[in-house]
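The values are calculated or read from the model by the stated rules, or taken from the named source; none is laboratory data. Everything numeric here is computed off the predicted structure, so don't read it as measured data. Using ideal geometry, Cβ is built from the backbone for each residue, glycine included, and neighbour counts are taken over all protein chains shown. To get the accessible areas, we keep the full protein, side chains included, count just its heavy atoms, and leave off ligands, DNA and RNA. Shrake-Rupley method; radii C 1.70, N 1.55, O 1.52, S 1.80 Å.
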Amino acid sequence: MTKSFILDAGKIQEFTKEHKLQPFRIKQLYQEIFKNQNINFADMTTISKELREDLDKQFSVTTLKVDQIIEDRNTTKIWFETHDGFMIEAVILYHRQDDKYIKNNSPKLNRITLCVSSQVGCPMWCIFCVTWKLGIKRNLGRDEIISQLLFANNHIKKKFGKQEDWTLYGVRNVVFMGMGEPLLNYDNTKKSIEVMLRQEAGFSLSKRHVTISTSGIIPWINQLIKDDIPVQLAISLHAPNQELRDKLMPVAKAYPLAELMKTIDTYVKKFDNRIFYEYIMIKNITDKPELARQLVTLLKHRLAHVNLIPYNNNPAIELKESDEATMQAFKKILEEGGITVTIRDSLGRKMKWACGQLGYEKLTQQGK
Ligand code: SF4
């Protein structure tokens, strides 16, 4: 028998009826999953053994199988296999405290971010990215997006245990910056965000700690505004003018920069959220000083933060990463123009943290 996902409300209702369970039993179950960060019924010891066994026969807590985990001190990269044999990737990033603030050998973690995938592959064809080379296989379902988070929290609990206040370490920020364009999988992105934000049977994340990264699909940004989804927005901008954006990102032809900026202005007006602009630093292409000046002109009267992302050299693409001095000079022009800006740190660089900068080797091995 195929097992149902534990957040399938209809199936849980049937199960509750069938087993004549009091509502508090289901509350206990969700506490075990979301608060105690368990993904195996056997570990849910606040629930009777008999009930755990019955649940285990009919339900699963994640819909993905872990294929491989690669970690170092600051990151955990997890490859999942979907039920139909595709590989997707999620990355946990551990933001550590500055050494000078460390006391008592504690885990020294400031916060933990999870970068989730929303599609298998991507249809957007950005020239600096490898993900689209695989084509788009399919959208991930709500349960597959949520499963990445459930697994991550369980992994973090095993790795770090409890914080000083006795609550468990867990994911505090979620960014839709893995494989795929989340707004082209709007319904499942929206439904998974509902679970991330809600307190009952959910992760209780703050809306300020969930970020959708998009290449700029105007109709779906408008839909976010209409549906009143006040999470953070990161725009994969990568060029300050239409001509260069056209060359780097085919999406720009369908959704021109001027219109995109107008749509973003409407979003900011509604939610009063600062927008994160992702800007990739490619040698002799996006890193010229005149482009930095154009970026200042584009953003100086807008609520904006620019993340400069060093391009990750990749044998599958003939582009080169900007050198450090050029990046610093570019940053300085933005700062002098009054724009807040960060160069993605070594943590992000190593993990290729940016839309479409995640791994490729594994995917090509699939040959799908
Ligand atoms: S950069 Fe992002 S939107 Fe563009 S092809 Fe890659 S994954 Fe898709």
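If R0 is 35 Å, what FRET efficiency do you get for Arg274 and Lys49 from their C-beta distance, rounded to 0.05?
Working: r = 50 Å, r/R0 = 1.42.
According to the calculation, E is roughly 0.10.
How long are the three semi-axes of the equivalent ellipsoid of the range 1-152, in whole Å, if each is the root of 5 times an eigenvalue of the C-alpha gyration tensor, listed from largest down?
The equivalent ellipsoid of the range 1-152 has semi-axes of 32, 25, 11 Å.
Report the trypsin sites (Lys or Arg not before Pro) located in the range 180-211 that are in a DSSP loop and have at most 16 other Cβ atoms inside 10 Å of their Cβ, or state none. Could you put the intermediate results ahead of the total?
Values: sites: Lys190, Lys191, Arg198, Lys207, Arg208; in loops: Arg198.
Passing sites in the range 180-211 are Arg198.
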remark   = Under the 7 Å Cα-to-Cβ spin-label approximation, Ser204 and Lys332 lie apart by a distance in nanometres of 4.8 nm
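Using just the helices of the chain, give the 222 nm mean residue ellipticity in deg cm²/dmol: DSSP H runs with n ≥ 4 each add -39,500 (n - 2.57), and the total is spread over all residues, rounded to 500.
Details: 13 runs with 129 residues, N = 368.
Computed ellipticity for the chain at 222 nm equals -10500 deg cm²/dmol.
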ask   = Mind listing the Cα extents of the range 65-366 along all three principal axes, in Å, largest one first?
value = 50, 47, 43
remark   = Residues whose modelled amide H sits under 5 Å from the amide H of Arg111, counting only those 5 or more places away in sequence or on another chain, are His95
task = Springs between alpha-carbon atoms under 10 Å, Gaussian network over the chain: tell me which of Ile309, Ile280, Ile339 tops the mean-square fluctuations.
result = Ile339
Surface per residue (accessible, 1.4 Å probe) for the range 4-60, Å² = 59 Å²
note = Descending accessible area (1.4 Å probe), largest on the left, turns Tyr169, Tyr279, Tyr255 into Tyr255, Tyr169, Tyr279
Mean Cα-pair separation over length for the range 65-366, i.e. relative contact order, pairs under 8 Å, 6 or more apart, % = 16 percent
task = Counting residues in the range 177-225 as N, plug N into 2.2 N^0.38 Å and put the Cα Rg over that result.
result = 1.17
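Give me the 1.4 Å probe accessible area per residue for the range 178-326, excluding ligands and nucleic acids, in Å². Let's see the in-between values first.
Details: 6330 Å² over 149 residues.
Using a 1.4 Å probe on heavy atoms only, each residue of the range 178-326 averages 42 Å².
Once neighbouring chains are kept in place and the probe is 1.4 Å, which whole percent of the accessible area of the chain is contributed by carbon and sulfur? Intermediate values should be presented prior to the final figure.
Numbers: 8450 of 17150 Å².
On the chain, the fraction of accessible area on carbon and sulfur atoms equals 49 percent.
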note = Restricting to aspartates and glutamates and to Cα separations under 16 Å from Lys262, and discarding same-chain partners fewer than 8 apart, the set is Asp272
remark   = Given backbone amide H placed at 1.01 Å from N, residues whose amide H is under 5 Å from that of Asn314, ignoring those fewer than 5 places away on the same chain, are Leu319
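Distances longer than 19 Å among the Cα atoms of the range 4-60: what percent of all pairs is that? Intermediate results must be reported in sequence, preceding the final value.
Values: 236 of 1596 pairs.
The share of Cα pairs beyond 19 Å in the range 4-60 comes to 15 percent.
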Using alpha carbons only: equivalent-ellipsoid semi-axes of the range 135-224, gyration tensor based, whole Å = 27, 14, 11
request  = Based on a Kirkwood Rh over C-alpha pairs, give the Stokes-Einstein translational diffusion coefficient of the range 253-322 at 4 °C and viscosity 1.567 mPa s in µm²/s.
outcome  = 94 µm²/s
query = Taking a probe of 1.4 angstrom, what is the accessible area of Asp56 in Å², to the nearest 10?
reply = 70 Å²
